[in-house]
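Here's the structure, in structure tokens; my notes come after.
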Amino acid sequence: MSLSIKDFSEMSELSPQTLRFYHSEGLLVPAVVDEDTGYRYYDFEQVQDVLLVSALRGAGMSVRDVRRALDAPDTAAALLDEHTEALDRQREAEDEAITTARSLLTSWPEVRRREVPEKTVLSAAVTAVPVEKRRGQPDQYDWDAVTVAVRAAVADLGALAVVHGAKVAGVPWFTWAGETHDQREAAFTTEGPHWLAKVPVSADAAQLAALAERVDVQTFEAREELAIHLPGRLTMSKHATAQLRLVTQVPEGLFPDASTQRHILHEDGIETAVRLSPLRGART
């Protein structure tokens, strides 16, 4: 039984324009195309093809992926799984963006001034590749990639601490890799490493000595800081906003020591903090 494009459109609930588009893309090819008139005719059995195409398109799959699924039915389930995972990531990003927007609209994050006590920390270099580079140096980072790499390094440091009987004693952070001459030399190349992961720990002398054989064990000096906590994942705009808010709210007689800036990894966002140091000759 052959159906005109008008009849097939009514049966499939797809407009003639959509059917022509799907024909051009190789999704729903008419059973017959009249060479003289160009009229398209469909077999009644093709309605089941419509069901599958409409279901996959309704799930958000691209025309390209739907065609791949039709051309290789054995791979269709795997293609749908890939698409579902991509949708889950997109929904997660959208949910995070909604949470961030609501937080910013309700109460803009405030800059806080605080005293931070001395800590013992484990430190490790993290390699993250810049997405752009200028004059051979890193210029702009893929902050998602940086955060993933840092969290992986932090997890490794935390696991190492536990193996040696130490305890993680606070929220980890990462900072620019510029504590030594060699680090600064490497940090100004595209290869890096550009970041250092830091995990505060509580441990006795024997545990710290054992850890020092595996990783850099440091004393984080007590300091006064300015800090701002921005919700959600770190982006270039959030990074720039944190810099702006911190720099413009420095108390009189002090300056923000950019070389000591750290990004603290909270579950609901990243807090940027910078050490406050007295200006030379200023009263404190």
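The values are calculated or read from the model by the stated rules, or taken from the named source; none is laboratory data. On a predicted model such as this, the values are computed, not experimentally measured, just so you know. Quick reminder, even Gly has a Cβ in these numbers, built from the backbone with ideal geometry, and neighbours come from all protein chains shown. Protein only, heavy atoms only, side chains kept; ligands, DNA and RNA dropped before computing areas. Shrake-Rupley method; radii C 1.70, N 1.55, O 1.52, S 1.80 Å.
Evaluate the relative contact order of the chain (contact order divided by residue number), counting alpha-carbon pairs under 8 angstrom at least 6 apart; express in whole percent.
17
Hey, got the dipole for the chain? About the Cα centre, +1 on K and R Cβ, -1 on D and E Cβ, debye to the nearest 20?
Here the chain has a charge dipole of around 1640 debye.
Per the 1.4 Å probe, what fraction of the accessible area of the chain, in percent, lies on carbon and sulfur atoms?
Answer for the chain: carbon and sulfur cover 52 percent of the accessible area.
Quick query: amide H of His194 versus all other amide H atoms, modeled in the peptide plane; which residues come in under 5 Å with a sequence gap of 5 or more or a different chain?
Amide H to amide H, under 5 Å and 5 or more residues apart or across chains, His194 pairs with Val126, Ala128.
With equal scatterers on the alpha carbons only and no solvent term, can you work out the Debye log10 of I(q)/I(0) for the range 1-146 at 0.12 1/Å?
The computed values of log10 I(q)/I(0) come out as -0.77.
Probe radius 1.4 Å, ligands and nucleic acids left out: which of His266, His181, His194 has the largest accessible area, and how do the rest follow?
His181, His266, His194
Restricted to Cα positions, what overall size does the range 195-238 have along the principal axes? Three whole-Å values, descending.
43, 23, 15
Specify which residue in the list Gly60, Ala97, Leu79 is farthest towards the positive end of the charge dipole of the range 1-107, using unit charges on the beta carbon of Lys, Arg (+1) and Asp, Glu (-1), about the Cα centre.
Farthest towards the positive end: Ala97.
Treat the chain as a sphere of radius equal to its Kirkwood radius over Cα pairs and apply Stokes-Einstein at 20 °C in a medium of 1.002 mPa s; give the translational diffusion coefficient in µm²/s, rounded to a whole number.
90
On alpha-carbon atoms, Rg over Rh for the range 85-226 using Kirkwood Rh?
That ratio equals 1.03.
Restricting to Cα pairs below 8 Å that are 6+ residues apart, what does the relative contact order work out to for the range 202-282? Please round to a whole percent.
With pairs under 8 Å counted, the relative contact order is 34 percent.
So how do Met1, Met11, Met61 rank on accessible area, 1.4 Å probe, biggest first, that is with the largest at the start?
Output order, biggest surface exposure first: Met1, Met11, Met61.
Among Thr260, Ser202, Ile270, flag the residue with its Cα farthest along the positive direction of the charge dipole of the chain, charges on Cβ as +1 for Lys/Arg and -1 for Asp/Glu.
Thr260
Show me the ranking of peptides 161-168, 258-265 by mean Cβ neighbours inside 10 Å, starting with the highest.
Ranking, from highest mean packing down: 258-265, 161-168.
With a length cut of 15 Å (Cα positions projected on each helix's long axis) and a Kyte-Doolittle mean of at least 0.0, go through the chain and give me the DSSP H helices that pass.
Within the chain the helices that satisfy the rule are 47-58, 143-163, 236-247.
Using just the Cα positions, wrap the range 156-284 in a convex hull and report its mean projected area in square nanometres, one decimal place.
Computing the convex hull of the Cα atoms and averaging its projections yields 9.8 nm².
If eta is 0.890 mPa s and T is 25 °C, what Stokes-Einstein diffusion coefficient results for the range 48-129, Kirkwood Rh from Cα pairs, in µm²/s?
Stokes-Einstein gives a translational diffusion coefficient of 140 µm²/s.
Stretched out fully, how many nm does the piece from Arg113 to Glu45 gain, at 0.36 nm a residue minus the Cα gap?
17.3 nm
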